[in-house]
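Trainee: Supplied in structure tokens, the structure appears directly below.
The values are calculated or read from the model by the stated rules, or taken from the named source; none is laboratory data. Owing to the predicted nature of the structure, the values given are computational and were not obtained by experimental measurement. Counting neighbours? That spans all protein chains shown, and the Cβs are built from the backbone with ideal geometry, glycine included. These area figures cover heavy atoms from the full protein model, side chains too; ligands, DNA and RNA do not enter into them. Shrake-Rupley method; radii C 1.70, N 1.55, O 1.52, S 1.80 Å.
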Amino acid sequence: MCNPVVIGAEERIDDLLIGQLKVIQHEKEFCFSLDAILLSHFATVRPGAKAVDLGTGTGVIALLLTARGAAHVTGLELSQAMADMAERSVLLNQLDEKVKIIQGDLCKIKDILPSEGYDLVVSNPPYRPVGGGYMSPNDNVARAKHEVTAALKDVVGAARYLLKYRRGRFAMVHLPERMAEILTAMSQAGIEPKLLQLVYSSIDKKPTMLLVEGVKGASPGLTILPPLVVYKPDGTYSDEIAKYYKEYR
């Protein structure tokens, strides 16, 4: 009989409402938001895919990728506390044969994981450069939101190292205002952007997120997908977002 998963005093178990998955989160640490859900559904997950989630945090994206058919997902996380929490979420969902959490620095990826061994790499990286807006005094929250320990080029470089040539895909969620920088960084790293989608909280507002996927070693050619709108005018989820929560129940 398996030992029960220990939940800390300031931790809680949240239901992802997808595939009966649950995730452990700490009230004072960085918690996942809709961007993780959107990235998990945007990424191309081929049946039996072997994937890596760079900066896995709570491990929510790694868990969701298994619901979409990934055979194995490695979640890499710099913070020991966050990695421990993510590992307990894996055990809570009885997915330890499909998901492995590693504590480590993506900037030292060559010392951690093999090169060109993965079909998919995903990342919900820090969105803002250091100095760009308010920075949380909580180190884990600051690292999750600002490029304190890893810049955009470091994330893209780690993805390039991990991906299979001409087959491996890299999917990322980021800020629309950094689109030019993101596309340039990917292209310069040999990951050709192939799919791009802008996310709007409502149809009458500016985009709040950017979803992009590229293929290592592919020829140029970018497809712009229709806008993804999160909320209807009445404040409920749009049909497309609501579908995410029905598809894997």
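Trainee: If you count only protein heavy atoms and use a 1.4 Å probe, how large is the accessible surface of residue 127, to the nearest 10 Å²?
Mentor: That residue has around 40 Å² of solvent-accessible surface.
Trainee: Then there's this: Between residue 204 and residue 107, what's the calculated FRET efficiency when r is the beta-carbon distance and R0 is 41 Å? Round to 0.05. Show your work: numbers first, answer last.
Mentor: On the way: r = 40 Å, r/R0 = 0.98.
Taking R0 as 41 Å, the efficiency between residue 204 and residue 107 is 0.55.
Trainee: Accessible area of residue 88, 1.4 Å probe, to the nearest 10 Å²?
Mentor: Counting only protein heavy atoms, the figure is 40 Å².
Trainee: Would you mind checking the pairs 50/246; 98/164; 50/153; 194/216; 50/164; 22/100 and listing those with alpha carbons more than 18 angstrom apart? All intermediate terms of the calculation are to be shown ahead of the outcome.
Mentor: On the way: 50/246 25 Å; 98/164 20 Å; 50/153 23 Å; 194/216 10 Å; 50/164 10 Å; 22/100 16 Å.
The answer is 50/246; 98/164; 50/153.
Trainee: Using a 1.4 angstrom probe and counting only protein chains, how large is the accessible area of residue 231 in Å², to 10?
Mentor: So the heavy atoms of residue 231 present about 100 Å² to solvent.
Trainee: For residue 16, enumerate residues with amide H under 5 Å from its amide H, sequence gap 5+ or separate chain, H modeled in the peptide plane.
Mentor: For residue 16, the qualifying residues are 21, 22, 23.
Trainee: If you don't mind, there's one more thing I want to ask. Go through region 177-190 residue by residue and turn each phi into a ³J(HN,Hα) via Karplus (6.51, -1.76, 1.60, θ = phi - 60°); whole Hz please, and just put x for glycine and proline.
Mentor: 5, 9, 4, 4, 5, 5, 5, 5, 4, 5, 4, 5, 8, x
Trainee: Extending each Cα 7 Å along its Cβ direction at residue 240 and residue 6, get the distance between those two points in nm, one decimal.
Mentor: 4.4
Trainee: Now for a separate question. Considering the chain as a Gaussian network with a 10 Å cut-off on Cα pairs, which listed residue, 57, 221, 168, attains the greatest mean-square fluctuation?
Mentor: For the chain, modelled as a Gaussian network with Cα springs under 10 Å, the answer is 221.
Trainee: On to the next question. So what's the net charge close to residue 44: Lys and Arg +1, Asp and Glu -1, counting the other residues with Cβ under 12 Å from its Cβ?
Mentor: Numbers: positive: 46, 68, 167, 169, 194; negative: 119, 213.
Spelling it out: positives minus negatives among the neighbours equals +3.
Trainee: What is the local net charge at residue 111, summed over the other residues whose Cβ is closer than 15 Å to its Cβ (Lys, Arg +1; Asp, Glu -1)? Walk me through the intermediate numbers first.
Mentor: Details: positive: 108, 110; negative: 105, 154.
Surrounding charge for residue 111 is 0.
Trainee: Grab the other residues whose beta carbon is less than 12 angstrom from that of residue 231, score K and R as +1, D and E as -1, and report the net.
Mentor: Working: positive: 205, 232; negative: 204, 234, 239, 240.
Its environment carries a net charge of -2.
Trainee: Quick check: the distance between the Cα centres of region 53-76 and region 178-226, to the nearest angstrom?
Mentor: Between the Cα centre of region 53-76 and that of region 178-226, the gap is 21 Å.
Trainee: Apply 1/(1 + (r/R0)^6) to the Cβ-Cβ distance of residue 115 and residue 184, taking R0 = 22 Å, and write down the FRET efficiency to the nearest 0.05.
Mentor: E(calc), rounded to 0.05, equals 0.40.
Trainee: Oh, and also: Whenever you get a sec, line up 89, 187 from highest to lowest accessible area (probe 1.4 Å, protein heavy atoms). The partial results should precede the final answer.
Mentor: Working: 89 0, 187 55 Å².
Ranked from most to least accessible, the order is 187, 89.
Trainee: Short version: ³J(HN,Hα) in whole Hz for each residue of region 12-17, in order, from phi by Karplus 6.51 cos²θ - 1.76 cosθ + 1.60 (θ = phi - 60°), x for Gly and Pro, what are they?
Mentor: 9, 10, 9, 7, 6, 6
Trainee: Would you mind telling me the share, in percent, of accessible area of the chain contributed by carbon and sulfur at probe 1.4 angstrom?
Mentor: Carbon and sulfur together cover 52 percent of it.
Trainee: In whole Hz, with x marking every Gly and Pro, tabulate ³J(HN,Hα) for region 69-77 from phi via Karplus 6.51 cos²θ - 1.76 cosθ + 1.60, θ = phi - 60°.
Mentor: Residue by residue, region 69-77 yields x, 5, 6, 8, 10, 9, x, 9, 9 Hz.
Trainee: Per 0.36 nm of contour for each residue apart, how much would the distance between residue 97 and residue 22 grow if the chain were fully extended, relative to their Cα-Cα spacing? Please report the intermediate quantities before stating the final value.
Mentor: Details: separation 75, 0.36 × 75 = 27.00 nm, distance 1.65 nm.
So the extension gain works out to 25.3 nm.
Trainee: Let me ask something else about it. With a probe of 1.4 Å, find how much accessible area the chain has per residue, and write the answer as a whole number in Å². Could you put the intermediate results ahead of the total?
Mentor: Working: 12070 Å² over 249 residues.
Per residue, the chain has 48 Å² of solvent-accessible surface.
Trainee: By its C-alpha gyration tensor, with a ≥ b ≥ c as the square roots of the eigenvalues, how is region 1-44 shaped: rounded for a/c under 1.5, else prolate for a/b larger than b/c, else oblate?
Mentor: Numbers: a/c = 2.98, a/b = 1.47, b/c = 2.02.
Because a/c hits 1.5 or more and a/b fails to exceed b/c, region 1-44 counts as oblate.
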